[in-house]
Amino acid sequence: MNGMIEIRWHGRGGQGAKTASQLLADAAFMAGQYVQSFPEYGPERSGAPITAYNRISPERCSVHSNIYDPDYVAVVDETLLESVDVTAGLKESGAVIINSAKSPEELKPLLNGYKGRVCTIDARHISMSCLGAYFPNTPMLAAVVAVSGCVEREQFLKDMEESYRHKFAKKPQVIEGNLKCLRQAMDEVRE
């Protein structure tokens, strides 16, 4: 399908990969795109590997399967590189975005010979400095938008501010921290 972007998220239960996938779908929808967001996991406990997916398209999409050949892969927990083939099916014209303090060059040997773009974002550092706690999904969401270009930056930030104002209506103190986290992550993605 022309213009469709497919994204696969790898994380662990409780890290917010599913939530980031849903927030990305909301932002793309508000930007006028057709979207899908869905997780794949079983009855596992917190900490078990999970996968979530996004389809973003300018046209209605009738495909409703898992994503086997994604354009982009987001890895919320770099320890998954040791146990999950995160680059399986990943198009070399796309990119893998990994939550890590390490450089892309340091992580390439763990990616089964993947020849496409490798990007990293230190979501822990950004989250701790902006939010005072470790929530990797917010910086990872911004990194995916920055690398993929699936939503225009200023539109994304505007829509996320509106979403946060609704979601955190009773906790307004967290809104500015989350917005700062998004901006910083978009600026600090390394390739």
query = Looking only at segment 96-107, which residues are in contact (Cβ under 8 Å) with a residue 40 or more places away in the chain and within 20 Å of R12 (Cα to Cα)?
reply = I97, N99
query = Between residues in segment 1-30 that are farther than 20 Å from S65 by Cα and residues that are open to solvent by 60 Å² or more (accessible area, probe 1.4 Å) and of a type in the set (A, V, I, L, M, F, W, C), which pairs lie under 7 Å by C-beta distance while being six or more apart or on different chains?
reply = G16/F135
remark   = segment 11-130: strands (runs of 3 or more DSSP E) wholly inside it with 3 or more residues that are more than 29 Å from L157 (Cα to Cα) and open to solvent by 10 Å² or more (accessible area, probe 1.4 Å) are none
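The values are calculated or read from the model by the stated rules, or taken from the named source; none is laboratory data. All values reported here derive from a predicted model rather than from experimental measurement. Glycine also receives a Cβ, built like all others from the backbone with ideal geometry; neighbour counts cover every protein chain displayed. Keep in mind that these areas ignore ligands, DNA and RNA; they rest on the heavy atoms of the full protein, side chains included. Shrake-Rupley method; radii C 1.70, N 1.55, O 1.52, S 1.80 Å.
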